[in-house]
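J.: Take a look at this one; I'll ask things after.
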Amino acid sequence: MCCISCLIRNDNSRHRRKPPCQVPPRGGFFCDEKYLPYAALAIHTLVRNNPVRDFDICITSLDALELPPALEGHDVRLCQIEVGDAFDGMPVNERFTVAAYLRIALPEAFEDEYARILYLDCDVLVVGEALGEVFALDLGNSSVGAVMDISKLKKPRRLTKDQKLTGMTGSYFNSGVLLLDVNAFVGEGVRDKCVLTAQNDPTALFYFDQTLLNVVLQGRWAELHPAWNWQWTIVRPFFELFVDTQIVHLVSKPKPWSDASGVLPIRYRETVRRFFARYYPDLPLTTASPATRLEKKNVVIRLIKHITRSFTFVNGYNRHGGDIMKVVLPDRP
């Protein structure tokens, strides 16, 4: 998975227009040409639903990028960085490139400019209108605010695969959306601890950055409302009726731009189709068109899946209730 966009806010930066920047070689937020269309899509949904904002939007790359036409006029910062050998030796593959680790270095890269950073993965759609409020969340003494991973919401008592390997217990967060307190993150030395953990314990790289962060921050992260990272799977459309969803994270394998079977909600698929048709008409798009007719059997199956997961959803919902500003602080300081 590639990192493609982030929101960055600082009270001192409000209403100041910033030019493209050069960030020191300590890390940053990464996007290359291959993933730029998806970064543009995420930012398109963000600015569409949050036209008035008091935070900056940044795209950071190892290479010099040109602002795509889809983002012209939206005051998006393009930040080119160099990482040197900061991540040499860290495992990568076709899906998880070195960019997956760069979210760990964001606070250091921008510590002189911003107080808080909201990091977003590339496979998100910003569907809510309250994004600016996330920066005011009370994280207590925690350096990171995140949302419980969907696997733990479904089965809280079951350890994830990487928890079993590394000896982690308890709660476990998804790293696709992270609210980072810059001073606390840098002061705690989270990046250094992640790199050291990766060097000393190969099992801590099972899910790359997500495993590393969970190992290092075990019991010391603040749990945000699921509305800030609504991890969408095939059986969740009904439950979304009860949540003031702000960010939809499409964690399942089919994405709106490659959902040939049409399992994702039609509104997400059509948002993507219209966006790509306008700004990236040559980009391959393998997603299903709206169904010409519904099969009663398929609808019933979806309903049954919702029913069987209702108790799990209710238990998870009741940790925060309907208040998306409620944060569950850790027991450990």
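J.: How do the helices (runs of 4 or more DSSP H) wholly within the stretch 256-333 filter down when requiring 1 or more residues that are modelled with pLDDT under 90 and under 30 Å from GLY170 (Cα atoms): which remain?
T.: On the way: elements: 266-279, 296-308, 310-317.
Ranges flagged: 296-308, 310-317.
J.: So, one more: What is the residue count in the stretch 267-301 for residues that are within 20 Å of HIS249 (Cα to Cα) and open to solvent by 70 Å² or more (accessible area, probe 1.4 Å)?
T.: 4
J.: For the subset of the stretch 47-62 comprising residues that are in contact with a His (Cβ under 9 Å, 6 or more places away or on another chain) and not in a loop (DSSP other than H, G, I, E, B), which member is surrounded by the most Cβ atoms within 10 Å (Cβ to Cβ)?
T.: ILE57
J.: With the condition kept exactly as written, say whether any residue in the stretch 224-233 is of a type outside the set (Lys, Arg) and more than 19 Å from the chain's Cα centre (by Cα).
T.: Kept after step one, since they are of a type outside the set (Lys, Arg), are these residues of the stretch 224-233: 224-233.
Filter once more, keeping what is more than 19 Å from the chain's Cα centre (by Cα): none.
Looking for residues that are of a type outside the set (Lys, Arg) and more than 19 Å from the chain's Cα centre (by Cα), one finds none in the stretch 224-233, hence no.
J.: Going residue by residue through the stretch 95-116, is there one that turns out to be crowded, with 22+ Cβ neighbours inside 10 Å, modelled with pLDDT under 70 and not β-branched (Val, Ile, Thr)?
T.: yes
J.: Quick test of your reading of the structure: GLY170 fulfils all but one of (1) out of contact with any Asp or Glu (no Cβ under 6 Å at 6 or more places or on another chain); (2) within 17 Å of HIS225 (Cα to Cα). Name the failing condition by number.
T.: The one condition GLY170 does not meet is (2).
J.: In the stretch 232-255, which residues are open to solvent by less than 30 Å² (accessible area, probe 1.4 Å), hydrophobic (A, V, I, L, M, F, W, C) and in a helix (DSSP H, G or I)?
T.: PHE239
J.: Still on this structure: Taking the stretch 140-169, which residues are over 29 Å from VAL126 (Cα atoms) and small (Gly, Ala, Ser)?
T.: Correct list: GLY167 only.
J.: Here's something else I'd like to know. Wholly within the stretch 151-231, which helices (runs of 4 or more DSSP H) include no fewer than the required count, namely at least 3 residues that are closer than 30 Å to LEU131 by Cα and open to solvent by less than 10 Å² (accessible area, probe 1.4 Å)?
T.: Of the helices (runs of 4 or more DSSP H) lying wholly inside the stretch 151-231, those with at least 3 residues that are closer than 30 Å to LEU131 by Cα and open to solvent by less than 10 Å² (accessible area, probe 1.4 Å) span 209-216.
J.: Name the one entry in GLY316, GLY322 that is surrounded by fewer than 14 Cβ atoms within 10 Å (Cβ to Cβ) and more than 19 Å from ASP123 (Cα to Cα). I'd like the intermediate steps shown before the answer.
T.: Working: GLY316 fails: surrounded by fewer than 14 Cβ atoms within 10 Å (Cβ to Cβ).
From the options GLY316, GLY322, the qualifying one is GLY322.
The values are calculated or read from the model by the stated rules, or taken from the named source; none is laboratory data. Note that the structure is predicted; figures quoted are calculated from it, not measured. Cβ atoms come from the backbone with ideal geometry, glycine included; neighbour counts cover every protein chain shown. Heavy atoms of the whole protein, side chains included, go into the accessibility calculation; ligands, DNA and RNA do not. Shrake-Rupley method; radii C 1.70, N 1.55, O 1.52, S 1.80 Å.
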